[in-house]
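Here the structure comes first, spelled out in structure tokens, and everything after it is commentary.
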Amino acid sequence: MKINRPRNTKEKGLMELFVYNDGGKFVGVNLTFDIVEEGSEPVALMESIKEASLLHLDCVIKENMPDELLNRYAPEEYWNKYFGALEQVERPNKTTVDSYFQKSPYLRTQTANIG
């Protein structure tokens, strides 16, 4: 599968975050930066993966690291789960949703106060 997303830079970009139930535990993934965490509480896990993502972004900016570190996509297995979960959410007869999504655009000026 070829992941086709706009290219992120230190100036602006988009992070795609996804938390899903994986048999009794939750997995949180930043699909854009390839950061993965596990936890027992999905909302706290979403906050944790977002915090880790912002710290990664801040480090890349402050250390003037390559933009490639902002376009390091997660393995295909996570994207497949993400796209599958999005399809489930869009189905009108689906009553139980145990996945959480967040698309977070960023601008360099917004990251100046991180940490």
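Computed from the coordinates by the stated procedures, all read-outs in this text should not be read as laboratory data. Everything numeric in this text was worked out from a predicted model, so none of it was measured. Positions of Cβ are generated from backbone atoms using ideal geometry, with glycine treated the same way; all protein chains shown enter the neighbour counts.
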Computed label-point distance, nm, for sites Leu107 and Lys12 using a 7 Å Cα→Cβ extension: 0.8
Eigenvalues of the Cα gyration tensor times 5, then square-rooted: what semi-axes does that give for the chain, in whole angstrom, largest first? 26, 16, 12
Leu55, Leu45 arranged by Cβ crowding within 10 Å, fewest neighbours leading: Leu55, Leu45
Using only the alpha-carbon atoms, how far is helix 42-62 inclined from the longest principal axis of the chain? Give it as 0 to 90 degrees, nearest 10. 20
Charge sum, other residues only, whose C-beta stays under 15 Å from Asp22's C-beta, Lys/Arg counted +1 and Asp/Glu -1: -3
Rounding to the nearest 20 debye, state how big the charge dipole of the chain is about its Cα centre with +1 on each Lys and Arg Cβ and -1 on each Asp and Glu Cβ. 440
Count, lysine Cα pairs under 17 Å in segment 13-109, 8 or more residues apart or across chains: 4
Just in segment 1-64: which GluC sites (Glu not before Pro) are loop by DSSP and have at most 13 other Cβ atoms within 10 Å? Glu11, Glu63
What is the angle, in °, between the Cα long axis of helix 76-90 and the longest principal axis of the Cα atoms in the chain? Nearest 10 is fine, range 0 to 90. 60
Show me the ranking of peptides 64-75, 18-29 by mean Cβ neighbours inside 10 Å, starting with the highest. 18-29, 64-75
Please arrange Thr32, Thr9 by counting, for each residue, the other beta carbons lying within 10 Å of its beta carbon, fewest first. Thr9, Thr32
